[in-house]
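The structure under discussion appears below in the form of structure tokens.
Nothing in this text is a laboratory measurement; each read-out follows from the coordinates by a stated rule. Since the model is a prediction, treat every value here as computed from it, not as a measurement. For neighbour counting, all protein chains shown are included, and Cβ atoms are generated from backbone atoms with ideal geometry for every residue, glycine included.
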């Protein structure tokens with residue numbers, strides 16, 4: 001089984017716990033990898049980082065057209 005990632009996506013920090021959970025491919029119901037299982041402290045850190053990014057990052061200052069462009073690029077990346 002492959003390790004998909006060993007860090008928390010939002011903070012980039014390693015998870016505090018050592019447990020992992022399988023990632024299941026819905027079509028086949030087969031495991032395709034594993035990811036860290038976040039602890040309560042991990043979740044607190046992610047929420048704090050997200051709140052900080054929302055409060056002091058570029059998003060709240062961005063005009064509607066800029067936000068639309070970011071979301072459009074995100075959709076295109078997911079579809080690719």
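Pick from the range 25-52 the residues that are touching a residue at least 12 places away in the same chain (Cβ under 8 Å) and in a helix (DSSP H, G or I): which of them is surrounded by the fewest Cβ atoms within 10 Å (Cβ to Cβ)?
Result: 41.
Can you run down the residue pairs with Cβ atoms below 8 Å, 6 or more apart or on separate chains, where the first is in the range 54-72 and without any contact (Cβ under 8 Å) to a residue 12 or more places away in the chain and the partner is in a loop (DSSP other than H, G, I, E, B)?
70/62
State whether the residues of the range 59-66 include one that is surrounded by 11 or more Cβ atoms within 10 Å (Cβ to Cβ), in a helix (DSSP H, G or I) and more than 16 Å from the chain's Cα centre (by Cα). It would help to see each step written out before you state the result.
Here is the first cut: in the range 59-66, the residues surrounded by 11 or more Cβ atoms within 10 Å (Cβ to Cβ) are 59, 62, 66.
Imposing the further condition that a residue be in a helix (DSSP H, G or I) reduces the set to 59, 66.
Going one step further and asking which of them are more than 16 Å from the chain's Cα centre (by Cα), we end up with 59, 66.
Within the range 59-66, one or more residues are surrounded by 11 or more Cβ atoms within 10 Å (Cβ to Cβ), in a helix (DSSP H, G or I) and more than 16 Å from the chain's Cα centre (by Cα).
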